[in-house]
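S.K.: Here you go, one structure.
Read the figures in this text as sums done on the coordinates, not as results from a lab. All figures in this text were calculated on a predicted structure; none of them were measured in a lab. Glycine also receives a Cβ, built like all others from the backbone with ideal geometry; neighbour counts cover every protein chain displayed.
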């Protein structure tokens, strides 16, 4: 390897230099350029269902929390003389757009007040149960060994108890109110977050980049929250949305049993349950709040799928690639 | 000479290492329990990943650690970095016994020893920018107040590793494999460690960019006086970067010698077989060459045979090899091999 070797060497070096130039020149540019100009909201604009959901949820939240200012009547304002007034589409009047119920209360006003309570309970329970469950699941999954065994045994024991029975006992002790409903539902709801988090953590902690973080000298807390937790975003968002829907219904069940909200308070669940009594004569009393619950859950779902995309850079890149294929083919054709 | 191609273009020579021993591994054994055997589960099944391996690395030296899949080479690397607890043996770093170091002390030790990963795709967190990735070691060790404060250091480090200056603000998925490996190297170097374990750093890369990354590592060794444990699964890559090469087979050292000695006068039959599997980019020569194709199976690491681990595939095997394991002996000055017949 003397005379020819230098030629081979220089030829090789030439290839190397060219490859290096190509590598430095082209890689990644188009996406990065584009990424700096696209924000969260242009992403939202592209997602029609997400946009629609966002608008709908905004209206619901606004109407719910501004209920005292916007609602035409109070939640329990009325008397038997105003009972069972039909809604506007069934020869009703503009005084009661969605009609009144058998007690004579205005359905639209009750919907607004009810949505406020429902959203508040749903958000509070998802936040409390989610936070507790995720932190415990993270610790169990990341620490492993004895910590994991003990924490998961705790979860198993709590899952094995019938939730409604515990709820009955706890509310008997605490007394029925909105705070105790939030507390009881959180107490019964955190295990599912812990289990799911632990599962994802077990998979994520084997990823080389997690090992890299540990190698570099990150403390366990940083590894858990900076490197492992983001992997959970999409599954957590999905779970939280499903739980949110379940909690709306669970709250309705508790209220139906007389263990949830007490009389002057109203929620969508309370309304749907109340409508059951007159379901055959006045089906709208159950259907209207039922439809609102469904729409809220659906909208939250669509919004969640948008969030998932926004929080995942690879997913975002996929979207971009799909949108850019048409543009790219023309450019490549020229090159 | 056993003809071996110059697959990595030699740009600079190997730096001369000092006499000081930076890493000393003595009698290292690593066994993993994998379950129980026997009717009552009375016997614990154990994988003998690494058995009685000893070697030392001098400051400024590159030791190539070569072995096939399952030979325990990655396990040895992880054990030195104290990611895996050894079953037996001691590991010394800068003269200090680190075999039992743990917790905060171990975390601080990370400032001096770092790892370059095999997979440049999976080892970089896809949610972080290159700046965040490379600045992280500085931030968690308190060398920089924040990621932004470390930016100028990170940018100069990235440039030193052959990355464009605007790389810092991009995410890893915007880079090719070779560039990502450069990011991985920059991250490993951020803390200015003395010792780097490179776990097959180029095996996931295209052949065309391997030489660049190996050259980069060699340049950095010159500049920063680094010491490498360079793990590889074949002999073609390690020759030009390694001062010495250790050949690992089924968890035991088969041969340990100066790089040139391994290539020019291999002693262990396994090394010979490995060398003959490296193709020569010269068709007539390649055709004329006698290739040693090993027959037989790698021994089961759960129940390794008594005697030599290579007995099931060795062309020289005799009865004595089945009875007792050949010790690692110094057959020539600085040239160690574990074979009765060489």
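S.K.: If r is the Cβ-Cβ distance from residue B:173 to residue A:161 and R0 is 51 Å, what FRET efficiency results, to the nearest 0.05? Don't skip to the end; give the middle numbers.
M.R.: Details: r = 46 Å, r/R0 = 0.90.
It comes out at approximately 0.65.
S.K.: First obtain the Kirkwood hydrodynamic radius of segment B:116-257 from its Cα pairs, then insert it into the Stokes-Einstein equation at 20 °C and 1.002 mPa s, and state the resulting D in µm² per second as a whole number.
M.R.: Details: Rh = 15.7 Å.
D, rounded to a whole number, is 136 µm²/s.
S.K.: So between residue B:43 and residue B:290, what do we pick up on full extension, going 0.36 nm a residue minus the alpha carbon distance?
M.R.: 84.4 nm
S.K.: Describe numerically, in nm with one decimal, the distance between label points set 7 Å from Cα along Cα→Cβ at residue A:203 and at residue B:68.
M.R.: Result: 3.3 nm between the two label points.
S.K.: What FRET efficiency, computed as 1/(1 + (r/R0)^6) with R0 = 22 Å and r the Cβ-Cβ distance, is obtained for residue B:298 and residue B:54, rounded to the nearest 0.05?
M.R.: Details: r = 22 Å, r/R0 = 1.01.
So the FRET efficiency works out to roughly 0.50.
S.K.: Follow-up question, since we're still on this one. Suppose we keep just the DSSP beta bridges with both residues in chain B; what percent of those would be antiparallel, to 5?
M.R.: Details: 30 of 48 bridges.
Around 60 percent antiparallel, to the nearest 5.
S.K.: As a footprinting exposure proxy, order A:170, A:215 by other Cβ within 10 Å, with the fewest listed first.
M.R.: Details: A:170 15, A:215 23.
Ascending Cβ contact count within 10 Å gives the list A:170, A:215.
S.K.: Shifting gears a bit: By counting other Cβ atoms within 10 Å of each Cβ, how are A:221, B:58, B:180 ranked from fewest to most?
M.R.: Details: A:221 11, B:58 18, B:180 24.
By the 10 Å Cβ count, ascending, the order reads A:221, B:58, B:180.
S.K.: Just from the alpha-carbon atoms, what are the Rg and Dmax of segment B:264-310 in angstroms?
M.R.: According to the Cα coordinates of segment B:264-310, Rg and Dmax are 14.2, 43 Å.
S.K.: Let me ask something additional. Using the C-alpha gyration tensor of segment A:169-308, what are the square roots of 5 times its eigenvalues, in whole angstrom, with the largest one first? Kindly include the intermediate steps, with their values, before the conclusion.
M.R.: Details: eigenvalues 322, 71, 18 Å².
Values for segment A:169-308, descending: 40, 19, 9 Å.
S.K.: Extension gain residue A:153-residue A:94, at 0.36 nm per residue separation less the Cα-Cα distance, in nm? Provide the component values of the computation, followed by the final result.
M.R.: Working: separation 59, 0.36 × 59 = 21.24 nm, distance 5.78 nm.
Additional length available on full extension: 15.5 nm.
S.K.: Could you tell me the relative contact order of chain B? Use alpha-carbon pairs under 8 Å, at least six residues apart, and round to a whole percent. Present the calculation step by step, with values, prior to reporting the outcome.
M.R.: On the way: 668 pairs, mean separation 74.1, N = 342.
Answer for chain B is 22 percent.
S.K.: Give me the distance in nm between label points sitting 7 Å out from Cα along the Cα-to-Cβ direction at residue A:294 and residue B:101, one decimal.
M.R.: It is 6.4 nm.
S.K.: From the Cα trace of the protein assembly as shown, what convex hull volume per residue do you get, rounded to a whole Å³? Please list the in-between numbers first.
M.R.: Working: hull volume 156.2 nm³, N = 677.
In the protein assembly as shown, the Cα convex hull volume per residue is 231 Å³.
S.K.: What average count of beta carbons from other chains do you get within 10 Å of the Cβ of residues in B:119-129?
M.R.: Values: counts 3, 1, 2, 7, 8, 3, 10, 8, 10, 6, 1.
Shielding by partners across B:119-129 averages 5.
S.K.: Expressed as a rounded percentage, what relative contact order does segment B:76-149 have, with Cα pairs under 8 Å and six or more residues apart? Walk me through the numbers before you get to the answer.
M.R.: Values: 34 pairs, mean separation 13.4, N = 74.
Dividing the mean separation by the residue count of segment B:76-149 yields 18 percent.
S.K.: Something else: Per residue and in cubic angstrom, what volume does the convex hull of the Cα atoms of segment A:186-227 have?
M.R.: It comes to 61 Å³ per residue, whole-number rounded.
S.K.: State whether segment A:114-211 is rounded, prolate or oblate according to the following rule on the C-alpha gyration tensor (a ≥ b ≥ c being the square roots of its eigenvalues): a/c under 1.5 gives rounded; otherwise a/b larger than b/c gives prolate, and the remaining case gives oblate.
M.R.: Details: a/c = 3.71, a/b = 1.81, b/c = 2.04.
The shape class here is oblate.
S.K.: Quick one: which of B:151-159, A:157-165 comes out on top by average Cβ neighbours within 10 Å, and what's the full order, highest first?
M.R.: Values: B:151-159: 17.0, A:157-165: 11.7.
By packing density, highest mean first, the sequence is B:151-159, A:157-165.
S.K.: For chain B, state the average projected area of the convex hull of the C-alpha atoms over all orientations, rounded to one decimal in nm².
M.R.: Working: hull surface 78.6 nm².
Average of the hull's projected areas for chain B equals 19.6 nm².
S.K.: Mean separation of Cα pairs under 8 Å and 6+ residues apart, divided by the residue count of segment B:170-257: what relative contact order is that in percent?
M.R.: On the way: 71 pairs, mean separation 22.1, N = 88.
With pairs under 8 Å counted, the relative contact order is 25 percent.
S.K.: When 1/r is averaged over all different Cα pairs and the result inverted, which Kirkwood radius in Å belongs to segment B:222-342?
M.R.: 15.6
S.K.: Okay, moving on. Fewest to most neighbouring Cβ within 10 Å: what's the order for A:281, A:84?
M.R.: Details: A:281 9, A:84 15.
Ascending Cβ contact count within 10 Å gives the list A:281, A:84.
S.K.: If you don't mind, another one. How many Å³ per residue does the convex hull of the Cα positions in segment A:48-317 occupy? Don't jump to the answer; show the numbers that get you there.
M.R.: Numbers: hull volume 40.0 nm³, N = 270.
Taking the convex hull of the Cα positions in segment A:48-317, it is 148 Å³ per residue.
S.K.: So how much slack lies between residue A:131 and residue A:225, counting 0.36 nm per residue of separation and subtracting their Cα-Cα distance, in nm?
M.R.: Numbers: separation 94, 0.36 × 94 = 33.84 nm, distance 1.25 nm.
The span from residue A:131 to residue A:225 would gain 32.6 nm if fully extended.
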